[in-house]
Amino acid sequence: MPANDRPTITRKGHEPINTAQSGGLALMTGVGPQHTPAAKLWFGKAKNGPGFLSLPHHHGTAETGAYVLSGRARVYWGENYKEYVDLVEGDFMFVPPFLPHLEVNMSTTEELWWLACRTPENIVVNLPDVDDDALAGYIRK
């Protein structure tokens, strides 16, 4: 573990991927207990390929902040995932603890990139999958 008396740097391309995932999500840790002295923070980035659909999941006790770097996202929640919000580049989102949700890349041709921050850690609790047809407006490819 790096020393706790100076900044710890994670260089581009060297982000650990040994963190909780949801249905094939490419999640990379920039700051977290996987490789830094951080004890109450997880900060990383995620890549969703064209048409990506995460598994339904929640983040336990963790509060989550997210920022869309590029692309078009839709996040579903609520009873049978009938509620949703669309996000585009530059949008921020807060996801409260224990809220079941799933996210999709609304583009079938472009990648979706997120920055995400969680405290106290990157908790991911995957839930049973849902049929694509149950999600309003979603097209995988």
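Within the range 37-77, the set of residues being hydrophobic (A, V, I, L, M, F, W, C), surrounded by fewer than 18 Cβ atoms within 10 Å (Cβ to Cβ) and in contact with a Lys or Arg (Cβ under 9 Å, 6 or more places away or on another chain) comprises 41, 69. Residue 120 meets each of the listed conditions (1) modelled with pLDDT under 95; (2) over 27 Å from residue 13 (Cα atoms) apart from (2). Only residues that are surrounded by fewer than 18 Cβ atoms within 10 Å (Cβ to Cβ) and of a type in the set (Phe, Trp, Tyr) were counted across the range 78-93, and they come to 1.
Of all residues in the range 111-133, those satisfying the criterion of being surrounded by fewer than 12 Cβ atoms within 10 Å (Cβ to Cβ) and more than 18 Å from the chain's Cα centre (by Cα) are 131, 133.
Reported count of residues in the range 34-57, each being over 12 Å from residue 118 (Cα atoms) and of a type outside the set (S, T, N, Q), is 12.
Quick check on the range 28-47. Is at least one of its residues within 11 Å of the chain's Cα centre (by Cα), of a type outside the set (Lys, Arg), closer than 16 Å to residue 125 by Cα and at pLDDT below 95? Checked the range 28-47: no residue is within 11 Å of the chain's Cα centre (by Cα), of a type outside the set (Lys, Arg), closer than 16 Å to residue 125 by Cα and at pLDDT below 95.
The values are calculated or read from the model by the stated rules, or taken from the named source; none is laboratory data. For clarity, every value in this text was computed on a predicted model and none was experimentally measured. No Cβ is skipped: glycine too gets one built from the backbone with ideal geometry, and neighbour counts run over all protein chains shown.
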